[in-house]
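Throughout, read-outs are computed from the coordinates displayed, never taken from laboratory work. None of these values were measured; they are calculated from a predicted model. Here Cβ is always computed from backbone atoms with ideal geometry, including for glycine, and neighbour counts include all displayed protein chains.
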Amino acid sequence: MVSQFLVSQLELEFIAIGGRTHLRRAYSRGALKVLRPFPYGEGLVLQLLTLGPGLMGGDQVEIRVHVAPGAKVILLNQSATKVLPARGYRPVVQRLLFRVEGFLEYYPGLTIPHPASALDQRMEVSLGTEASFSWMEMYALGRLARGEVGKFKWIRARTAIFGQVPFYMDALELLPEELGPNHPGVLEGHPYLVCGFWNWESHPFFEETENGLLGVGLTAFRHSFLRGIGNKEVTQRALKIWSQERALRGLPAVDVMRYSSAL
């Protein structure tokens, strides 16, 4: 009997030769694919693709990435990730395993859960002593135009970023049937959520506008994390804040919208 669920894998290895970054190995199976990388200064921009209408409940996804010393990579999804339901409320199970010894920026962009869908995501990032890592992801709580906000079963996401010791641990758990997005202390009715991290120090700030809430704070290791809830404008504001942080870091500007419709 052929399983109706799909197992997808992606393995990527980046190395540096003569000051330039090269994609040394790319293995894909199932719905995950990559396009050819684009040059970005001394580094590369690589788009991740998911074939088909989205990830179906019961599907299993595993992405493994190794960025060797000296390599510089921007990794992003070409389009938003759609989480679709399956019989029996099986979740999409996604595992992200990154070993970073060089420089990696990871932008999965927007995840959109459809009604009755569920997502179980785990991301583990191992950082070398000279590594630089940044990450930003966004969630829409459903398709707003169809009135589907908060109609999914659950989203459970665990993030662990560590070196010799844990640097950053985060747990996101949204259960609309128990605590909906309008419940006090949850999302206050806001339909978008954005979160991010980078392993260098930024100036903390917090802003509250008619569009929502957005802020940057520091961990005990002086690394930076970003959180925001609000409407679509808050996600765009988060990207602007991140663009400013990259400029302060001395990183060359990159138009991520050129490579991804998920942001």
Proxy reagent accessibility, fewest Cβ within 10 Å first, across 28, 260: 28, 260
Excluding residues on the same chain fewer than 8 positions from residue 240, give the aspartates and glutamates whose Cα lies under 18 Å from its Cα. 105, 137, 201, 207, 208, 210, 255
Determine ³J(HN,Hα), in whole Hz, for all residues of the stretch 114-121 in sequence, where each value follows from phi through the Karplus function 6.51 cos²θ - 1.76 cosθ + 1.60 and θ = phi - 60°; x replaces Gly and Pro. 8, x, 6, 8, 8, 9, 10, 10
Can you give the helix-only mean residue ellipticity at 222 nm for the chain, where every DSSP H stretch with n ≥ 4 adds -39500 (n - 2.57) and the sum goes over all residues, rounded to the nearest 500 deg cm²/dmol? -2500 deg cm²/dmol
When the chain is treated as a Gaussian network with springs between alpha carbons less than 10 Å apart, the largest mean-square fluctuation among 109, 142, 163 is found at 163
In whole Hz, what ³J(HN,Hα) sequence does the stretch 212-218 give by Karplus (6.51, -1.76, 1.60; θ = phi - 60°), x for Gly and Pro? x, 10, 8, x, 10, x, 10
If you average the C-alpha positions of the stretch 133-160 and of the stretch 27-101 separately, how far apart do those two centres end up, in angstrom? 17
Straight distance only, please: which aspartates and glutamates reach the Cα of residue 153 with their own Cα at less than 18 Å, same-chain residues fewer than 8 apart left out? 59, 120, 173, 177, 178
Give me the distance in nm between label points sitting 7 Å out from Cα along the Cα-to-Cβ direction at residue 42 and residue 177, one decimal. 5.3
By its C-alpha gyration tensor, with a ≥ b ≥ c as the square roots of the eigenvalues, how is the stretch 7-252 shaped: rounded for a/c under 1.5, else prolate for a/b larger than b/c, else oblate? oblate
Please give every one of the lysines within straight-line cross-link reach of residue 151, meaning a C-alpha to C-alpha distance under 22 Å, and leave out same-chain neighbours fewer than 8 residues apart. 82, 232
List the residues, sorted by chain then number, that are 5 or more residues from residue 168 or on another chain and whose placed amide H is less than 5 Å from its amide H. 161
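Taking Cα pairs under 8 Å and at least six residues apart, what relative contact order does the chain come out at, in percent? Mind showing how you got there, number by number?
Numbers: 694 pairs, mean separation 34.2, N = 263.
After rounding, I find 13 percent.
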